[in-house]
Structures are given as C-alpha cells and as structure tokens.
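A.B. asks: Could you have a look at this structure, given as structure tokens, before my questions?
Just so you know, all these numbers are worked out from the coordinates, no wet-lab data involved. Note that this is a predicted model, so its numbers are computed, not measured. Every residue, glycine among them, receives a Cβ derived from its backbone with ideal geometry; neighbour counts consider all protein chains shown.
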Amino acid sequence: MQMLDGDVVLILGGGSGLGLGVARHFISEGASVAIFEVSQTKLDALKAELGPDVLLFKGDVTSVDDLTACRQAIVDRWGRLTSLVGSQGIFDGQVPLRDVPVERVSSLFDELFHVNVLGYLLACRVFLDLLEASDGSVVLTSSVAAYAADGGGLMYTASKGAVLSAVRQLAIEFAPRVRVNGVAPGAIADSQLQGPKALGLDGVKQSDIPKEAMQEGFKRLALMPTLPTPLDYAPVYAFLASRHNKVVTGQTVLLEQGSLNRHMLSSAGVSGGIGTPLG
Ligand SMILES: NC(=O)c1ccc[n+]([C@@H]2O[C@H](COP(=O)([O-])OP(=O)(O)OC[C@H]3O[C@@H](n4cnc5c(N)ncnc54)[C@H](O)[C@@H]3O)[C@@H](O)[C@H]2O)c1
C-alpha cells in the first residue's frame with residue numbers, strides 16, 4: 001500500500017521546479033494527479049514523460065474561469081478531489097523598495113500578491129466543496145522568506161508571510177472536514193522561479209544566479225549543506241496531503257536545512273565556554 005493510493009491531487013504550478021517534483025513523487029506514491037500550469041510550453045514538454053494518466057491543464061491561478069474549468073475537468077475524469085497543493089509562484093527580482101520606481105510599486109504588489117496569494121485563496125474557494133466531500137486536504141507553499149528577512153525582496157517576503165497567515169485562518173474555517181497546512185522551503189535546486197513583469201524582469205529567473213554561487217552561499221548558511229531538490233521536499237507534502245495525516249492542521253512546516261539555527265557564539269569567535277571543566 002502506497003501513501004497516496006486512491007487519492008486524486010491537483011497541483012497548482014506543477015509545470016516545473018517544486019510542483020513538478022511533488023507531482024512526480026505523488027505519482028510514485030499511487031496518486032492520480034492533475035497539474036494546473038500557466039505555461040503551455042512546460043505542459044507540452046511534460047506530455048511524453050507523464051502520459052495520458054496525468055491531467056495537464058493550462059490555466060492561470062488568478063482566473064476564476066480557468067480554475068472552474070479545471071474543476072470541471074477533474075470532476076469529469078475522476079468525480080472527486082482529495083488534495084489541493086499550491087506551488088505556483090513568482091518572485092520580485094529582490095529589488096529593494098527604494099529602487100522600485102514609485103509609479104510601479106502598486107503594479108508590482110498586485111502582480112506578486114495575485115499569483116502568490118490570491119491564486120491560492122481562489123483555488124481554495126473553487127475546490128472547497130470537492131475537498132469537503134472527500135475529507136481532503138490543502139497544502140500551500142510559503143517560504144523561509146516568511147520567517148527571516150532577505151529570502152527575497154519586500155513583495156516576495158510579504159506575499160509568503162501572507163500564505164503563512166492564510167494557512168492558519170483557513171485551517172479554522174475549513175475544519176473539521178479539510179486539513180490545511182503549509183510548507184516553507186529554503187532554497188530549491190532546479191527552480192525556474194520567474195521575475196515580475198511589473199519591473200520588466202519576467203525574462204529573469206532565480207536560477208540565473210550562478211549555481212556555484214548559490215551552492216556556496218547555501219553551504220555557509222545551512223547545517224545540511226546539500227542544496228535540496230524538489231524531490232527532497234516532496235515527501236513532506238505527501239504526508240501532509242495524505243489521509244495518514246490525522247494530527248496536523250493550521251501548521252506550516254519550515255524546511256530550511258537548519259539555516260535559521262545559526263551559529264551565534266562560535267561564529268563571533270566565542271567558543272569553548274568560559275573556563276575549563278573540572279576533571
Ligand atoms: N526557488 C526557491 O528557492 C523557493 C524557496 C522557497 C519557496 N519557493 C516557492 O516554491 C514554489 C515553487 O517555486 P519554484 O522555485 O519551484 O519555481 P518554478 O517557477 O519552477 O515553479 C512555479 C510554477 O508556477 C507556475 N506559475 C507561475 N505563475 C502562474 C500562474 N499565474 N498560474 C499558474 N501557474 C503559474 C510557473 O510557470 C512555474 O511552472 C513557489 O511558490 C515559490 O515561491 C521557492
């Protein structure tokens with residue numbers, strides 16, 4: 001018996017990176033999977049690998065019409081949905097607020113919050129009745145950026161903080177039928193996270209940061225020094241999404257490889273305590 005046998009899961013933003021890793025893992029754990037993705041190019045590239053058993057749906061998470069059409073496609077194919085995983089997102093190019101032209105602050109905010117926050121909330125609303133009917137679950141993606149500064153720029157970190165709060169509120173509103181949790185990853189290898197159109201940075205990806213520099217920086221910060229892949233994060237999503245989770249709701253699991261558990265005294269050159277132990 002596999003962890004997700006018999007489950008039907010929708011993964012938002014499953015065309016690359018984290019969501020795709022989650023999709024691959026969920027399939028290997030026995031789930032029927034639907035991927036909702038804005039990029040037709042990514043969906044076309046996945047057709048051959050994933051085959052006809054996976055529902056590949058082209059849509060924008062900020063569109064109620066697209067989400068509703070996807071809901072219908074899921075009902076037509078499986079008649080039910082047991083889990084919703086939110087993993088779509090864009091980042092803000094890490095541009096400090098002072099460098100954002102003042103006339104673009106609102107459009108930057110709207111773009112980031114529409115995709116990173118509103119998209120999750122709309123999907124929760126559109127799929128709630130199906131999730132309630134199956135005593136299902138929701139798993140949304142926050143970020144280490146919600147817990148510590150400098151994991152992105154202002155709009156990205158604020159949007160990820162909003163996801164953290166939304167998880168808590170939705171868990172109360174959707175109880176007792178539907179469990180709602182979050183996952184807050186640290187760095188992710190193979191991410192395609194795209195910059196914002198509002199700053200003309202939609203052609204820029206987070207992965208454009210040279211891999212070696214990213215790996216080096218990560219090693220300096222994290223207690224577990226290998227940059228995690230989407231597949232490394234996926235089992236946590238699987239547990240939270242599965243019917244085996246009977247105890248966790250309203251929580252966001254912080255998966256930061258120990259990077260926030262910093263060396264304090266030893267990195268300040270204070271080590272060895274204040275004396276020599278007796279004996
Ligand atoms: N990359 C990191 O280091 C990192 C760290 C922590 C959290 N995260 C979060 O993990 C999640 C996955 O990011 P990733 O790094 O795998 O990036 P990614 O770009 O590889 O994956 C995100 C997917 O969402 C899709 N998408 C974007 N806008 C969409 C929309 N409007 N409608 C539907 N799909 C849309 C993208 O096309 C892409 O396929 C995001 O929420 C991101 O904020 C990423």
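A.B. asks: Would you mind telling me which residue in Gly203, Gly59, Gly15 has the biggest mean-square fluctuation in a Gaussian network model of the chain, where springs connect alpha carbons within a distance under 10 angstrom?
C.D. replies: Looking only at Gly203, Gly59, Gly15, the biggest GNM fluctuation is shown by Gly203.
A.B. asks: Helix-derived [θ] at 222 nm for the chain: sum -39500 (n - 2.57) over DSSP H runs of at least 4, divide by residue count, nearest 500?
C.D. replies: My calculation for the chain gives -12000 deg cm²/dmol from helical runs alone.
A.B. asks: Tell me, what ³J(HN,Hα) does each residue in segment 4-13 have, in order and in whole Hz, if you take phi through Karplus 6.51 cos²θ - 1.76 cosθ + 1.60 with θ = phi - 60° and put x for Gly and Pro?
C.D. replies: For segment 4-13, the Karplus-derived couplings read 10, 3, x, 7, 10, 10, 9, 10, 7, x Hz, x marking Gly and Pro.
A.B. asks: I'd like the Karplus ³J(HN,Hα) series for segment 199-204: coefficients 6.51, -1.76, 1.60, θ = phi - 60°, whole numbers in Hz, and an x wherever there's a Gly or Pro.
C.D. replies: 3J(HN,Hα) across segment 199-204, in whole Hz: 10, x, 10, 6, x, 9.
A.B. asks: I want to check the label-to-label distance for Asp53 and Leu231. Put each point 7 Å from Cα in the C-beta direction and report it in nm to one decimal.
C.D. replies: Roughly 1.7 nm, to one decimal.
A.B. asks: Next question. Name the long-range amide H neighbours of Leu254: under 5 Å, sequence gap of 5 or more, or other chain; modelled H, no Pro or chain starts.
C.D. replies: Correct list: Ala184.
A.B. asks: I need the phi-derived Karplus couplings for segment 255-269: 6.51 cos²θ - 1.76 cosθ + 1.60, θ = phi - 60°, integer Hz, Gly and Pro marked x.
C.D. replies: 10, 10, 6, x, 6, 8, 8, 6, 5, 9, 5, 5, 6, 8, x
A.B. asks: If you don't mind, there's one more thing I want to ask. Determine, for the chain, the count of lysine pairs separated by eight or more sequence positions (or lying on different chains) whose alpha-carbon distance falls under 14 Å.
C.D. replies: Details: Lys42/Lys58; Lys47/Lys58; Lys197/Lys205; Lys211/Lys219.
Number of lysine pairs found: 4.
A.B. asks: Taking Cα pairs under 8 Å and at least six residues apart, what relative contact order does segment 8-260 come out at, in percent?
C.D. replies: Values: 501 pairs, mean separation 57.0, N = 253.
This gives 23 percent for segment 8-260.
A.B. asks: Arranged by the count of other C-beta atoms within 10 angstrom, fewest first, what order do His244, His25 take?
C.D. replies: By the 10 Å Cβ count, ascending, the order reads His244, His25.
A.B. asks: Just need log10 I(q)/I(0) for the chain at q = 0.11, 0.13, 0.14, 0.15 Å⁻¹, Debye formula, equal scatterers on the alpha-carbon atoms, no solvent, rounded to two decimals.
C.D. replies: Evaluating at q = 0.11, 0.13, 0.14, 0.15 Å⁻¹ gives log10 I(q)/I(0) of -0.63, -0.85, -0.98, -1.12.
A.B. asks: If you count, for each residue, the other Cβ atoms within 10 Å and average over each peptide, how do 221-228, 94-101 line up from highest to lowest?
C.D. replies: Per-residue Cβ counts within 10 Å, averaged per peptide and sorted highest first, yield 221-228, 94-101.
A.B. asks: Helices from the chain with mean Kyte-Doolittle at least 0.5 and a Cα length along the axis of 18 Å or more, per DSSP H: which?
C.D. replies: Helices passing the filter in the chain: 119-133, 154-174.
A.B. asks: Provide, as a two-decimal number, the C-alpha radius of gyration of segment 1-157 over 2.2 N^0.38 Å, N being how many residues it has.
C.D. replies: Rounded to two decimals, the normalised Rg is 1.10.
A.B. asks: Order these by the 10 Å Cβ neighbour count, fewest first: Phe91, Phe218.
C.D. replies: The fewest-first ordering by Cβ neighbours comes to Phe218, Phe91.
A.B. asks: List every residue whose amide H lies under 5 Å from the amide H of Leu56, counting only residues 5 or more places away in sequence or on a different chain, with H placed 1.01 Å from N in the peptide plane.
C.D. replies: The list, which skips near neighbours in sequence, is Ile35.
A.B. asks: Among Lys58, Lys160, Lys197, what is the fewest-to-most ranking by other Cβ atoms within 10 Å?
C.D. replies: Numbers: Lys58 17, Lys160 26, Lys197 13.
By the 10 Å Cβ count, ascending: Lys197, Lys58, Lys160.
A.B. asks: Further question: If amide H atoms are built 1.01 Å from N in the plane of the peptide, which residues on other chains or at least 5 residues away come under 5 Å of the amide H of Leu140?
C.D. replies: Amide H neighbours of Leu140, under 5 Å, 5+ apart: Gly86, Asn181, Gly182, Val183.
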